[in-house]
Each structure stands twice: as structure tokens, then as C-alpha cells.
2 protein chains.
Amino acid sequence: MKFYDCSTAPSPRRVRIFLAEKGITVPTVQVDLRKGEQLGAAFRAVNPDSTVPVLELDDGTRIADIVGICRYFEEIQPAPPLMGRNPAEKAVMEGWQRWCERECFYAVMDAFRNATPGLKGRALPGPDDYEQIPALAERGRARVTSFFRRLNERLADNEFIAGTVYGIADITAMVSIDFAGWIKLRPTEDQPHLRRWHAAVSARPSAKA
Amino acid sequence: MKFYDCSTAPSPRRVRIFLAEKGITVPTVQVDLRKGEQLGAAFRAVNPDSTVPVLELDDGTRIADIVGICRYFEEIQPAPPLMGRNPAEKAVMEGWQRWCERECFYAVMDAFRNATPGLKGRALPGPDDYEQIPALAERGRARVTSFFRRLNERLADNEFIAGTVYGIADITAMVSIDFAGWIKLRPTEDQPHLRRWHAAVSARPSAKA
């Protein structure tokens, strides 16, 4: 098994934390995104979409998706469960994970990639080049701010995002919030539930992964 | 159990097809998105995010997410499997489902919502109002065109998107491609594999759901 990673990037960090929570280690290959290694022929042969993370199984099967990779490990090693323990929990956890990804992770990505000078012409990851859209960067910032407010409300009555148990939704949200630091957006003083939760999940040893 | 649906909208159609493939029927409540019923107080009490579909379980648990709802039914009634049969298949299917959603469904949504006069000020679903961004509509069209080309390549050597078995990735892609008809983008004559696959999945009885 082989894990294509980039130690400085938020997307593979979501998988690294998931693996750390399960106590799983996988042989890792670093892909240098800053030097554009993901766009070179060698890595395109691994993933035509030019994104990390990618997990390669021993039979050659490749999983080029953050949550797909997490799913694989959840299936082969259910303990500790990070994607729900029964049908309703699994569905609820998936819904919240996707909400955090859509409303925060992608919004931070919009804000970051559409406003960073070094990413001119590369406003989206992947094989195709797209020009930056300044209005999309602005919208991304507004969405992240809205997300912080809504997540703070959610956490007023819930210890973790999906309820009483830590899981993949918390991983996605924590990585997204840390990613938002790249665009200088952070939970504010008037968001005590969000700050309580962020401190708690950040204190877990897995957060260093 | 109760399913909040909108019979004309692409998002809940993804769940309806999934249920039809499994032969499951659920009592349904129609939410009139064209009249803005999702933004009214009654529906916000069901889902503060103002989106359909939502599944309400008998104990009151609500799942406000397309794939979360599908996951619930996959777990309580595994046959026929639509999300993979073993860890590797589940991971691969999830990766392709997410690829189709991100690269096509969301791209069509960008193109449609940012260019449709009736959606001025409503460029995203959800509780917050965002102005349309014309450049994002254009980018969406370019991304859908790129997706058609890449999916055609994928289907040259694969009967279905994730490989040999029909599943949720095919549902997402079919609904996304039909949704692309709303912005007048369709697979072209020089995409025979995509057209072969689209004809096959569209001929399944579930496609009418």
C-alpha cells in the first residue's frame, strides 16, 4: 500500500488525521505541490486529476479521493469508528461531513485560490487551468464567515459536530478552519462554542498529523 | 419515515433514483422550490439550510444530505448494492461519486444559478443570499465540457463509472448530465462512450424517478 501525500496541504491532512485516530501508518510518498509535481507526467500517470491524496492498494487499485480513502480504512479497520456506528449515525455523520466540506472547505479554497498571486491561472486544482475570479474570492470569505456563525450555533448543544461522538465531520471542519487561517479568518470571541470545540479537537494528538 | 422532495429538482432526484433501484418507497412531502417554500419558517424548522432532500426518521432524526440519505438506505437494505460490495469497491465508488458531483453537478449548478434571471441574488442554495457572478457561470460551462470529455475517456474501458457494476456514481453523473441540459450542454457526437453509457443508464426504469 502507498499513500501519496503532501505534508503542507490541507486535503491530505484530512486523511492523515483520520489515520492517526485509528493508529494506522501507511508508507508515504511526498508530492511537492509547490513545485507543481502533481502536474508532471509521472504523477499524472498515478492520478490524471493531478490531486493528492491518492491511496494505492497492493493490487494496483487507486483511490484518488479524501473520503474514499477514509472509507477504505473505516471498512478494513472499524475501530475506533469515525464514520458512525449504525445506519442512522452513519447517515448523520456523512451529512455533517459533507456540509462542513461544502460550506467551509470549498469556500476557503475559493477564497484562497482566487486571490493568491502565486495561483494566477490555477484557480482550481485539477488538470485544467482556470483564471482567478476576484468576486469568487470575496464570496468565499463571506461564506466562511457564515459557516463559523452557523457551526457555533450547532455546537451550542452538541459536543461534536454530528452529536456526541468525534468523527470525520470534526476532522473536515477542523482542517477547514485551520485552512481558513491562510486567508486570515478565524473564529471570533463571540463564538464560544466554536472556540471550545476547536480547542478540544486541536488538542487531540491526531491534530498534529 | 418522511422524505422531503421536490419532483422537479435535480438534487432529490438523485435519492429518488437510488430508492427506485432498491425498490424502496417512502412517504413523500413535496416542497415547492419555485415558490420559495424552502425559505419559509415551516421548512426552515425542518432544515435550517433550506435545501431538499431531507429524510426524517421515525425517531425525529433528520438527514439533510443526498448522499447521507442514500447511505442510510444502503445500510438498512444492502441489496442491490449501489455503494460497493467490499472495502476497495466502496472506496472506489465513493471516489467516483464525489468526482462526478464536484466536477459536474456543482459545475452545472454554478453555470445555471449564476446566469438565470430568476435566480438573481440567489446564486447559491441555502439560507444566505449571494449575488450572481457571470464569470462563474462561464467557468461552470467550461468545467462541464471538460467533464464530458474526461468521462467519455473513462467509459472507453469501463461499462459503468466505477467499473463493472452500476452504482451511485452513475446516478450522480446521469442526473448531472440531465441537469446540464438546463444550460443546453449535452454529450457530443464525438463522445461515443459517454453516449453509450448515458443511453444505458437512462433506459433503466429507475431513471424515471
- Query: A:Lys90: which aspartates and glutamates have alpha carbons under 13 Å from its alpha carbon, excluding same-chain residues fewer than 8 sequence positions away?
  - Reply: A:Glu74, A:Glu75, B:Asp65, B:Glu74, B:Glu75
- Query: Hey, for A:Arg44 with labels 7 Å out along Cα-Cβ, what do the inter-copy distances come to in nm, ordered shortest first?
  - Reply: 4.9
- Expected 222 nm ellipticity per residue - DSSP helices of 4 or more, -39500 (n - 2.57), all of chain A, to 500: -15000 deg cm²/dmol
- Message: Pairs of alpha-carbon atoms within less than 8 angstrom and 6+ residues apart define the contacts here; what relative contact order does chain B have, in percent?
- Response: 22 percent
- Message: Just the number: Rg to Rh for the stretch B:2-76, Cα atoms, Kirkwood Rh, two decimals.
- Response: 0.94
- Query: What's the center-to-center distance, using Cα atoms, between the stretch B:109-166 and the stretch B:52-105 in Å?
  - Reply: 20 Å
- Item | In the stretch B:1-44, the trypsin sites (Lys or Arg not before Pro) that fall in loop regions by DSSP, at most 15 other Cβ within 10 Å | B:Arg34, B:Lys35
- Note on the structure: Ordered by number, the trypsin sites (Lys or Arg not before Pro) in the stretch B:109-209 that occupy a DSSP loop and have at most 15 other Cβ atoms within 10 Å are B:Lys120, B:Lys184
- Message: With 10 angstrom as the radius, rank A:Leu194, A:Leu124, A:Leu57 by how many other C-beta atoms surround their C-beta, starting from the fewest.
- Response: A:Leu57, A:Leu124, A:Leu194
- Message: Sequence gap at least 6, Cα distance under 8 Å: using those rules, report the relative contact order of the stretch B:87-208 to the nearest whole percent.
- Response: 30 percent
- Message: Taking 32 Å as the cut-off for C-alpha to C-alpha distance, list the pairs among A:Lys35/B:Lys120; A:Lys184/B:Lys35; B:Lys35/B:Lys184; B:Lys2/B:Lys184; A:Lys35/B:Lys184 that go past it.
- Response: A:Lys35/B:Lys120; A:Lys184/B:Lys35; B:Lys2/B:Lys184; A:Lys35/B:Lys184
- Could you check the simple spin-label distance between A:Thr188 and A:Met1, using points 7 Å along Cα→Cβ, in nm with one decimal? 4.3 nm
- Message: With viscosity set to 1.306 mPa s at 10 °C, what whole-number translational diffusion coefficient in µm²/s follows for the protein assembly as shown from Stokes-Einstein and a Kirkwood radius over Cα pairs?
- Response: 73 µm²/s
- Give me the lysines in straight-line cross-link reach of A:Lys208: C-alpha distance below 20 Å, same-chain residues under 8 apart excluded. A:Lys22
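Per the Kirkwood treatment, what hydrodynamic radius in Å, one decimal, follows for the stretch B:1-132 from the mean inverse distance over all distinct Cα pairs?
For the stretch B:1-132, the Kirkwood estimate is 16.0 Å.
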- Item | Simple label model, 7 Å out from Cα along Cβ direction - B:Asp129 to A:Glu153, nm | 1.7 nm
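Working from the alpha-carbon coordinates of the stretch B:74-209, get Rg over Rh, Rh being the Kirkwood radius.
So for the stretch B:74-209, dividing Rg by the Kirkwood Rh gives 1.01.
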- Note on the structure: A chain fully extended from A:Thr116 to A:Thr28 at 0.36 nm per residue, minus the present Cα-Cα distance, gains in nm 28.8 nm
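Readers should treat all values here as calculations from the given coordinates under stated rules, not as data from a laboratory. Source: prediction; values computed, not measured. Here the Cβ is made from the backbone with ideal geometry for all residues, glycine too, and neighbour counts use every protein chain on show.
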